[in-house]
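Report on the structure given below.
The numbers here are math on the coordinates, done by the rules we state, and not lab data. The structure displayed is predicted, hence computed values, not measured ones. Methodologically, a virtual Cβ is constructed for each residue, glycine included, from the backbone with ideal geometry; neighbour enumeration extends over all protein chains shown.
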Amino acid sequence: MWTRKLIKTRAKEVLKISYWKAFLVSLVIALVGGTSSNSFNWRFGGDHSGNISGKYSGSVSDLWAYAPIFIGAFLFIMVLALAFRIFLGYPLEVGGRRYFIRSAQNDFDMNNLGFAFVKLKYFGVIKGMLWRAFINLLWFLLLIIPGIVKFYAYRMVPYILADNPQINYKRALELSVKMTDGQKFSIFVLDLSFIGWYLLGMLAFFVGILFVMPYQNATESELYMILRQHAIQNGLCTNEELLIDELS
């Protein structure tokens, strides 16, 4: 039904027209989706850490007295990070997927990135992405391998929401499962095919990784459109359900 060479060739053709827009959108997706690597070294103490034990005159019990403060601060930061991911990250991620779907159809409007920030679309995206994350987490808690399999089964949910953000959140998950049925291993191999590019990117102080992301995102959008067309042809969904003829 599809080959890596086919969808990668299509992705390259799209990127030739508007690479830098794709780069900016990919950067946003990485930042809000938590996919970018963090190479910072958080050693606040530096080389002076070896002297701390000699200077500190308090007891261990004194340190434990501050434990609730540290725990509270940690939990507060975690809640903020989670809220950022859900309420800002999810809509921007889905908007980014929409940009790549539309760019494959010669629509390079950067406004697609923020299309989910409309009341009805916004809450539909939040529900759909939260449901996917929740169900996938349950599978990972069960066993690692089933969790990975389901991760690939639910891979198309952001793209489905990018087409129709008001689709029922359970239906989005169900449709993604049907689209990826029999395709999950091929998608896994497709992911592996980018490892060489990312390794080369790491050689350039990790900065090169940023320039690979548009290629992978464009390729994945090409994959989605093929799986979408296959689903329509096999009666798994309709054009109307995915609003693929709607330009707004």
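Quick notes on this one:
- Projected label points at Phe87 and Leu27, each 7 Å from Cα along the beta carbon direction, are separated by 2.6 nanometres.
- Two-decimal Rg to Rh for the range 84-231 - Kirkwood Rh, Cα set: 0.97
- Among Trp131, Trp64, sorting on how many other beta-carbon atoms sit within 10 Å of each Cβ, with the fewest leading, yields Trp64, Trp131.
- One decimal place: the segment Ala73-Leu6 gains 19.2 nm when fully extended, by the rule 0.36 nm per residue minus the C-alpha distance.
- Size estimate for the chain follows the Kirkwood approach: the inverse of mean 1/r over distinct Cα pairs works out to 20.2 Å.
- What the Cβ-Cβ distance of Ser18 and Phe185 gives, at R0 = 25 Å and to the nearest 0.05, is a FRET efficiency of 0.20.
- Two-decimal log10 I(q)/I(0) for the range 178-218, as the Debye equation yields it once each C-alpha is a single scatterer, q = 0.16, 0.21 Å⁻¹: -0.47, -0.67
- Taking the chain as a Gaussian network of alpha-carbon nodes connected by springs under 10 Å, the highest mean-square fluctuation of the residues Gly196, Gly96, Gly114 belongs to Gly196.
- Each label point was placed 7 Å from the Cα along the Cα-to-Cβ direction; for Ala204 and Thr238 their separation is 4.8 nm.
- With a Förster radius of 30 Å applied to the C-beta separation of Leu80 and Gln166, the computed FRET efficiency comes to 0.60.
- Helices assigned as whole DSSP H runs in the chain whose Cα atoms extend at least 30 Å along their own long axis and whose mean Kyte-Doolittle hydropathy is 0.0 or higher are found at 119-142, 207-233.
- Inter-centroid distance (Cα atoms) of the range 119-167 relative to the range 192-233, Å: 20
- For the range 73-113, convex hull of alpha carbons as volume per residue, Å³: 48
- For the range 113-156, alpha-carbon Rg relative to the globular expectation (2.2 N^0.38 Å, N residues): 1.40
- Hydrodynamic radius (Kirkwood) for the range 153-221, which is based on Cα pairs only, to one decimal in Å: 13.5
- The alpha-carbon atoms of the range 62-131 define a convex hull whose volume equals 107 cubic angstrom per residue.
- Simple spin-label estimate for Phe117 and Ala65 in nanometres, 7 Å along Cα-Cβ: 4.7
- For the chain, adding -39500 (n - 2.57) for each run of n ≥ 4 DSSP H residues and dividing by the number of residues yields -22000 deg cm²/dmol at 222 nm.
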